[in-house]
């Protein structure tokens, strides 16, 4: 498998394994950082245009949202969905009065399959043609499922790492390897 994978890293953000020979594009701002991988070139002008909606085909996105900045809204939205032990954070964000409580629906997406590894790590699969954790990314729903992992930083800062992966048929066996590496990297960073 090592021959089929490469390590991709954003200059000011996360890194993730992906299929060798893919293209990557990183973004960062006050809310956190993202790294996008695609078998097709990712052009900044297209990415930031009003007409581009997202990746309709195969892609990988890793996002790290910072709970101490404007990233707290994404962190709260994911906590509300899959981390019930941390709902106090969601209540604190709602109490700011910037976003209404309706922006943070509680409970899992109806069709997502969730596998909890611990109270702060959940692997997921968003089925084809449905909304779920996998589409809380730039990956648009289509006829293929999206798999990934959400990891709430076990430290005090509460950042969130969310990885969404949709690989083509001949590469789907790499998905588990990519997810496990993200989980190992998160564990090492938070020791």
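Each reported figure results from applying straightforward, stated rules to the coordinates on display, with no laboratory input. Small disclaimer: the values here were computed from a predicted structure and weren't measured. Reconstructed Cβ throughout: ideal geometry from the backbone, glycine too, with neighbour counts over all protein chains shown.
Of the residues making up region 135-187, those that are in contact with a strand residue (DSSP E or B) (Cβ under 8 Å, 6 or more places away or on another chain), within 13 Å of residue 19 (Cα to Cα) and touching a residue at least 60 places away in the same chain (Cβ under 8 Å) are 165, 166, 167, 171, 174, 177, 178.
Sub-6 Å Cβ pairs linking a first residue in region 20-47 that is without any contact (Cβ under 8 Å) to a residue 12 or more places away in the chain and on the phi < 0 side of the Ramachandran plot to a second residue that is part of a loop (DSSP other than H, G, I, E, B) and surrounded by fewer than 15 Cβ atoms within 10 Å (Cβ to Cβ), at least 6 apart or interchain, are 46/52, ordered by first then second residue. Considering region 116-134, and only residues there that are out of contact with any strand residue (DSSP E or B) (no Cβ under 6 Å at 6 or more places or on another chain) and free of Cβ contacts under 8 Å to residues at least 40 places away in the same chain, the residue that is surrounded by the fewest Cβ atoms within 10 Å (Cβ to Cβ) turns out to be 118. The residues listed here are 12, 111; of these, the one that is within 22 Å of residue 182 (Cα to Cα) and either surrounded by fewer than 18 Cβ atoms within 10 Å (Cβ to Cβ) or touching a helix residue (DSSP H, G or I) at 6+ places or on another chain (Cβ under 8 Å) (or both) is 12. For residues in region 58-85 being more than 16 Å from the chain's Cα centre (by Cα) and part of a loop (DSSP other than H, G, I, E, B), which is nearest to residue 145 (Cα to Cα)? Among those residues, the one meeting the criterion is 70. Taking (1) surrounded by 15 or more Cβ atoms within 10 Å (Cβ to Cβ); (2) closer than 17 Å to residue 22 by Cβ in turn, residue 77 satisfies each apart from (2). Any residue at all in region 179-189 that is at negative phi and in a loop (DSSP other than H, G, I, E, B)? Checked against the condition, which is being at negative phi and in a loop (DSSP other than H, G, I, E, B), region 179-189 yields no hits at all. Only one of the numbered conditions (1) under 26 Å from residue 9 (Cα atoms); (2) assigned to a strand (DSSP E or B); (3) over 14 Å from the mean Cα position of the chain (by Cα) is not met by residue 161, and that is (3).
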